[in-house]
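Chemist: Would you mind keeping the following structure in view while I ask a few things?
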Amino acid sequence: MRIIEDTKLDFSDVLISPKRSQLTSRKDADLTRTFTFKHSKHQWSGVPIIASNMDHTGTLEMFEELSRYEMLTALCKFIKWPSPPSNTNLIQTIGLDKNLDELDYDDSQWICLDVANGYTERFNNYVALMRKHEATKNKIIIAGNVCTPEATEEIILAGADIVKIGIGPGSVCTTRKMTGVGFPQLSATIECADAAHGLDGHIITDGGCTVVGDIAKAFGAGADFVMLGGMLAGHKECTGEILGNHMEFYGMSSEEAQLKYYGEKQTHRASEGKKVQVPYRGSVKNTIEEIFGGLRSACTYAGARKLKALPKCTTFVKVNRQLNEVYS
Ligand code: 5GP
């Protein structure tokens, strides 16, 4: 047994300290980024925020709305891939059970291998296979989830362009409670971004953003992309019934999801997700505008003219957590 003595941090453990800034207006802050990816060499420009591939948020309706803002949507793997997709902002999701020979589309330039635990040998071998396989070798390969720098490096070296970071921080995830496993998401983001960037790779920080400030902190910590589930839940573009002024939102490994997609609760695995009711908020447009406004303002406070410069301009201050919770 070993204990890491330094305290690892979550988004709520820090604030971004304001700095002298030459930006005159929030409008001056540019949220667009352009990336060239390590293995595929594809280039992509847009606002690097992604709707999570959960069945509630990873929908075609979400894609339609988010792509107007040059944001990305990871389509839930249980939703039929539209053929042919006309946009470069839609990400295909697969699991380890997918036979790559059966991929019947070749228009998507993105493919995301998404598993709960990216620490298995099988997962790494699958990433390496994807980088060699005819159907996927030229795509922007995203793979995850892990939450430590060594694993991030291994997955990039196996062939992924982007590693998805986050074990346990999700709003409807119960992994930390059910298994005791996890890693505070701000520190995971800082450490894994550093590891990935050293190899010309990129990361998505996935899970744990509950307010716009958390997204700003994630970008400040070095995340190239931020993936959102709960913050985009409860909108017109989501799947699910509107029950009065609420919608149901559940984790993809919750009992609800297992019953819906596998017909039964799988006995070999615990349910590591829960179901919650989220307020119904109408079109996601308003939420996006709120996110953009908050991020532009964060850039202005930190003195970053472009989102790309935010990590360089960010100084985090650790806060007294109890106080932070009182004011949140
Ligand atoms: P949020 O933005 O809601 O905090 O987090 C969204 C992320 O939570 C998803 O992108 C996914 O990685 C993770 N997630 C979704 N469903 C589950 C689940 O049932 N269990 C766990 N452990 N994580 C989940």
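Chemist: Using the structure shown, list the pairs from Lys77/Lys285; Lys265/Lys285; Lys132/Lys285; Lys80/Lys132 with a Cα-Cα distance above 31 Å, or answer none.
Modeler: Lys265/Lys285; Lys132/Lys285
Chemist: Run the numbers on region 179-328 and let me know its relative contact order in percent, using alpha-carbon pairs under 8 Å that are six or more apart.
Modeler: Relative CO of region 179-328 lands at 21 percent.
Chemist: Quick one: longest stretch of the chain between exposed loop GluC sites (Glu not before Pro), exposed meaning at most 14 other C-beta atoms within 10 Å and loop per DSSP?
Modeler: 6-133
Chemist: Would you list which aspartates and glutamates come within 19 Å of Lys27, measuring only between C-alpha atoms, while excluding same-chain residues fewer than 8 positions from it?
Modeler: Correct list for Lys27: Glu70, Glu289, Glu290.
Chemist: Additional query: Calculate, for region 94-186, the solvent-accessible area per residue in square angstrom, rolling a 1.4 angstrom probe over the heavy atoms of the protein chains.
Modeler: Averaged over the residues of region 94-186, the accessible area is 43 Å².
Chemist: If each of Arg122 and Phe316 carries a label point 7 Å out from its Cα toward its Cβ, how far apart are those two points in nm?
Modeler: With each label placed 7 Å out from Cα toward Cβ, I get 3.4 nm.
Chemist: Let me know the Rg and Dmax you get for the chain when you use only its Cα atoms, in Å.
Modeler: For the chain, the Cα radius of gyration and maximum Cα-Cα distance read 18.9, 58 Å.
Chemist: Also, I was wondering about something else. With a 1.4 Å probe and every protein chain kept in, tell me what percent of the accessible surface of the chain is carbon plus sulfur.
Modeler: The value for the chain is 49 percent carbon and sulfur by accessible area.
Chemist: Turning to a different aspect of this structure: Enumerate the helices in the chain for which the Kyte-Doolittle hydropathy averages -1.0 or more and the C-alpha atoms extend at least 20 Å along the helix's axis, using complete DSSP H runs.
Modeler: Counting only whole DSSP H runs, the qualifying helices are 284-302.
Chemist: Which log10 I(q)/I(0) values does region 254-303 give at q = 0.20, 0.31 Å⁻¹ under the Debye formula, counting every alpha carbon as one identical point scatterer?
Modeler: Debye output, listed in q order: -0.75, -1.07.
Chemist: Moving to a separate point now. Separation between the Asp97 and Asp30 pseudo-spin-labels, each 7 Å from Cα along Cα→Cβ, expressed in nm?
Modeler: Taking the simple label geometry, Asp97 and Asp30 are separated by 4.5 nm.
Chemist: Pick from Ile165, Ile215, Ile291 the residue whose mean-square fluctuation is largest in a GNM of the chain, springs joining Cα atoms under 10 Å.
Modeler: Ile291
Chemist: Assuming a ≥ b ≥ c are the square roots of the Cα gyration tensor eigenvalues, decide whether region 202-328 counts as rounded (a/c under 1.5), prolate (otherwise, with a/b larger than b/c) or oblate.
Modeler: Prolate is the answer for region 202-328, as a/c is 1.5 or above and a/b outweighs b/c.
Chemist: If we restrict to alpha carbons, what Rg and Dmax does region 131-182 come to, in Å?
Modeler: When restricted to the Cα atoms of region 131-182, Rg and Dmax are 13.6, 41 Å.
Chemist: What whole-number value in cubic angstrom gives the convex hull volume per residue for the C-alpha atoms of region 23-101?
Modeler: 134
Chemist: Please tell me the relative contact order of the chain in percent, rounded to the nearest whole number, where contacts are Cα pairs under 8 Å and at least six residues apart.
Modeler: 23
Chemist: Ile4 to Leu157: extension gain in nm, 0.36 nm per residue of separation minus the Cα-Cα distance?
Modeler: Extra length from Ile4 to Leu157 when fully extended: 52.5 nm.
Chemist: In region 31-82, which trypsin sites (Lys or Arg not before Pro) are in a loop and have at most 13 other Cβ atoms within 10 Å, using DSSP for the loop call?
Modeler: When the trypsin sites (Lys or Arg not before Pro) of region 31-82 are filtered for loop state and at most 13 Cβ neighbours within 10 Å, Lys41, Lys80 remain.
Chemist: Check each of the trypsin sites (Lys or Arg not before Pro) in region 201-267 and keep only those in coil by DSSP with at most 15 other C-beta atoms within 10 angstrom; list them in order.
Modeler: In loop regions of region 201-267 (DSSP not H, G, I, E or B), the sparsely surrounded trypsin sites (Lys or Arg not before Pro) are Lys236, Lys265.
Chemist: If you don't mind, another one. Per DSSP H run of at least 4 residues, take -39500 (n - 2.57); add these up for the chain, divide by its residues and hand me the 222 nm value, nearest 500 deg cm²/dmol.
Modeler: After summing the helix terms and dividing by residue count, I get -8500 deg cm²/dmol.
The values are calculated or read from the model by the stated rules, or taken from the named source; none is laboratory data. Computed from a predicted model, the values in this text were never measured in an experiment. Every residue, glycine as well, gets a Cβ built from its backbone with ideal geometry; the counts of neighbours run over all protein chains shown. Ligands, DNA and RNA are stripped out before the accessible areas are found, and what is left, the full protein with its side chains, is counted by its heavy atoms. Shrake-Rupley method; radii C 1.70, N 1.55, O 1.52, S 1.80 Å.
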